[in-house]
Amino acid sequence: MPVINVNFPLELFKMFQGLHALPAAQALPDMTQTPLPPGSTNALFSPQQIQSIGAWMLIQDFGSAYDLSPSLGMKLIEQGYNSTHALCFATIDDLLASSLLCREIAQLHDAIAHWAEN
């Protein structure tokens, strides 16, 4: 079965900002502090990326915007990573234990790097 990837420009998603806003009771954690112990080399995010974290996004939207494979997006959702900010607490070991392949983790690193820049 062929796989067709469709990419949409980020500007297209700006009109949807606020539609998935979190209720006040589900406030996001303080991202100015590194969620993992200092000096951890197992973190998915670098300390610099934590400081410049991108906007909250559903994993489906993140995958579409940053060209993640559909299977990677599904694996992340199956493991309970429903939003980009939940990924801040993930470790490489967590992802490997979740049956992610090394190339999928590399793909995720690349997406995170672009997301943190914006």
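The values are calculated or read from the model by the stated rules, or taken from the named source; none is laboratory data. Because the structure is a prediction, the values reported are computed rather than measured. Glycine gets a Cβ as well: all are built from the backbone with ideal geometry, and neighbour counts include every protein chain shown. Side chains are part of the model used for accessible areas, which takes the heavy atoms of the whole protein and leaves out ligands, DNA and RNA. Shrake-Rupley method; radii C 1.70, N 1.55, O 1.52, S 1.80 Å.
In the stretch 82-93, the residues that are under 15 Å from Leu72 (Cα atoms) form Cβ pairs under 8 Å with partners that are of a type outside the set (A, V, I, L, M) and not in a helix (DSSP H, G or I), at six or more places apart or across chains, as follows: Ser83/Trp56; Thr84/Gly54; Thr84/Trp56; Leu87/Phe45; Leu87/Tyr81; Ala90/Tyr81; Ile92/Asn42.
Under the condition of being of a type in the set (A, V, I, L, M) and open to solvent by less than 20 Å² (accessible area, probe 1.4 Å), which residue from the stretch 85-105 is nearest to the chain's Cα centre (by Cα)?
We begin by selecting, within the stretch 85-105, every residue of a type in the set (A, V, I, L, M); these are 86-87, 90, 92, 95-97, 100-101, 105.
Within this subset, residues satisfying the condition of being open to solvent by less than 20 Å² (accessible area, probe 1.4 Å) are 87, 90, 95, 100, 105.
On the way: Leu87: 5, Ala90: 10, Leu95: 12, Leu100: 14, Ile105: 11 Å.
Checked the stretch 85-105; the qualifying residue nearest to the chain's Cα centre (by Cα) is Leu87.
Checking each residue in the stretch 76-104 for being at pLDDT 90 or above and β-branched (Val, Ile, Thr) picks out only Ile77. Just to be sure before I move on: is Gln49 polar (S, T, N, Q), open to solvent by less than 80 Å² (accessible area, probe 1.4 Å), part of a helix (DSSP H, G or I) and modelled with pLDDT under 90 in the structure I sent? Considered against the rule, which asks whether it is polar (S, T, N, Q), open to solvent by less than 80 Å² (accessible area, probe 1.4 Å), part of a helix (DSSP H, G or I) and modelled with pLDDT under 90, Gln49 comes out as yes.
Entry remark, the stretch 52-65: residues being open to solvent by less than 60 Å² (accessible area, probe 1.4 Å), in contact with a strand residue (DSSP E or B) (Cβ under 7 Å, 6 or more places away or on another chain) and in a loop (DSSP other than H, G, I, E, B) number 1 in total.
Anything in the stretch 66-84 that is open to solvent by 20 Å² or more (accessible area, probe 1.4 Å) and not in a loop (DSSP other than H, G, I, E, B)? List them, or say none. Result: Pro70, Ser71, Met74, Lys75, Ile77, Glu78.
Just one of the listed residues (Leu22, Leu58, Leu28, Leu12) is modelled with pLDDT of 90 or more and either more than 17 Å from His109 (Cβ to Cβ) or of a type in the set (Gly, Ala, Ser) (or both), namely Leu58. With the requirement that a residue be in contact with a helix residue (DSSP H, G or I) (Cβ under 9 Å, 6 or more places away or on another chain) and aromatic (Phe, Trp, Tyr), what does the stretch 39-97 give you? Answer for the stretch 39-97, where residues must be in contact with a helix residue (DSSP H, G or I) (Cβ under 9 Å, 6 or more places away or on another chain) and aromatic (Phe, Trp, Tyr): Phe45, Trp56, Phe62, Tyr66, Tyr81.
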